[in-house]
Amino acid sequence: MFVVKYSGAFGFIKPWTAVRDNETFSQQFLTPSIIEGIEKKLFPDLLDFVGIKKIIQHRLTYSWLSAQQEQTQPRGVNSVLHKKEKQIEFSRPKSILLRSVLINPILYLAFNNRIDAEEASIQHICLCRNEDILMPAPVNNDYNEFITEVSGDEFDDPLGKYKGFELRFDKNEKAFIVGYNRFHNNEPMYGWLNIVGENPLQTYEI
């Protein structure tokens with residue numbers, strides 16, 4: 001397989017469980033619809049096709065999560081009738097939820113052939129919001145090379161350099177529901193979390 005590494009200062013993932021991130025830790029994995037969206041950004045000729053065609057595996061890691069407060073309002077409107085004033089009062093209640101920003105995210109995308117990897121390696125990607133951009137990272141600081149060829153065993157080696165979180169899109173006894181796919185008529189998406197490495201997070205020496 002041919003691997004392209006993307007990195008950035010921060011990245012925001014908006015998962016289906018955004019309201020409950022502090023309970024589900026869903027920021028740690030990418031759903032099938034997110035991977036398919038990234039693929040369609042990299043390969044716009046696939047916009048008319050259904051499913052993930054070229055990204056065969058991925059791996060996400062980061063340094064830590066920074067919780068951000070966000071004010072929300074529901075779509076519905078509450079109404080209260082004041083009989084004495086003969087008036088109806090309308091209101092939309094506000095609430096605060098926490099969503100997390102990934103600090104120093106790194107995403108590895110693996111492809112079956114070098115041609116697809118080369119096309120991907122000259123583009124940026126967005127995890128979910130357009131302003132949070134990850135750029136291709138050069139191999140060993142060599143700006144002439146952005147692709148690493150590895151075997152599947154090497155990519156999944158817990159002692160190797162491709163540590164992190166990867167949602168495998170298989171529906172088996174370890175799978176759980178991770179959302180509803182906006183590309184496929186909101187069909188339920190399933191996967192199981194593959195954690196590679198004893199410490200799947202990025203660590204830095206001070």
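Annotations for the structure displayed:
- Each residue of the stretch 72-88 was assigned a 3J(HN,Hα) from its phi angle through the Karplus expression (A = 6.51, B = -1.76, C = 1.60, θ = phi - 60°), giving 10, 9, x, 5, x, 10, 8, 10, 10, 8, 9, 5, 5, 7, 6, 10, 10 Hz with x at Gly and Pro.
- Under the Debye formula (equal points on every Cα, no solvent term), log10 I(q)/I(0) of the stretch 93-203 at q = 0.09, 0.10 Å⁻¹: -0.33, -0.41
- Alpha carbon centroid spacing (whole Å) that separates the stretch 45-117 from the stretch 166-206: 16
- Charge context of residue 43, other residues only, Cβ under 13 angstrom, K/R +1, D/E -1: -3
- Kirkwood Rh, angstrom, the chain [1 / mean 1/r, Cα pairs]: 18.9
- Electrostatic dipole magnitude of the chain [Cβ: Lys, Arg +1; Asp, Glu -1; Cα centre; debye, to 20]: 1380
- Folded to 0 to 90 degrees: helix 32-42 orientation relative to the chain principal axis, Cα: 60
- Each label point was placed 7 Å from the Cα along the Cα-to-Cβ direction; for residue 70 and residue 56 their separation is 3.5 nm.
- Distances between placed amide hydrogens fall under 5 Å for residue 190 paired with 178, all partners being 5 or more residues away or on another chain.
- Given charges at Cβ of Lys, Arg, Asp, Glu: the chain dipole, positive-most of 158, 6, 147: 6
- Förster radius 35 Å - calculated FRET efficiency between residue 177 and residue 91, Cβ distance, rounded to 0.05: 0.55
- Near residue 43, no amide H atom lies under 5 Å from its own; only residues 5 or more places off or on other chains count, and H is placed 1.01 Å from N.
- Of all the options 50, 178, 77, the one that moves most in a Gaussian network model of the chain with Cα springs shorter than 10 angstrom is 77.
- Normalised by 2.2 N^0.38 Å, where N counts its residues, the alpha-carbon radius of gyration of the stretch 60-122 equals 2.26.
- Gaussian network model of the chain, Cα within-10 Å springs - most flexible of 12, 111, 49: 49
- Choice from 90, 165, 146 with maximal GNM fluctuation in the chain (Cα, 10 Å cutoff): 90
- Residue 137 paired with residue 202, simple spin-label distance in nm, labels 7 Å along Cα-to-beta-carbon: 0.5
Each reported figure results from applying straightforward, stated rules to the coordinates on display, with no laboratory input. Every value quoted in this text rests on a predicted model; they were computed, and no experiment measured them. Note: ideal-geometry Cβ built from the backbone for every residue, glycine included; neighbour counts use all protein chains shown.
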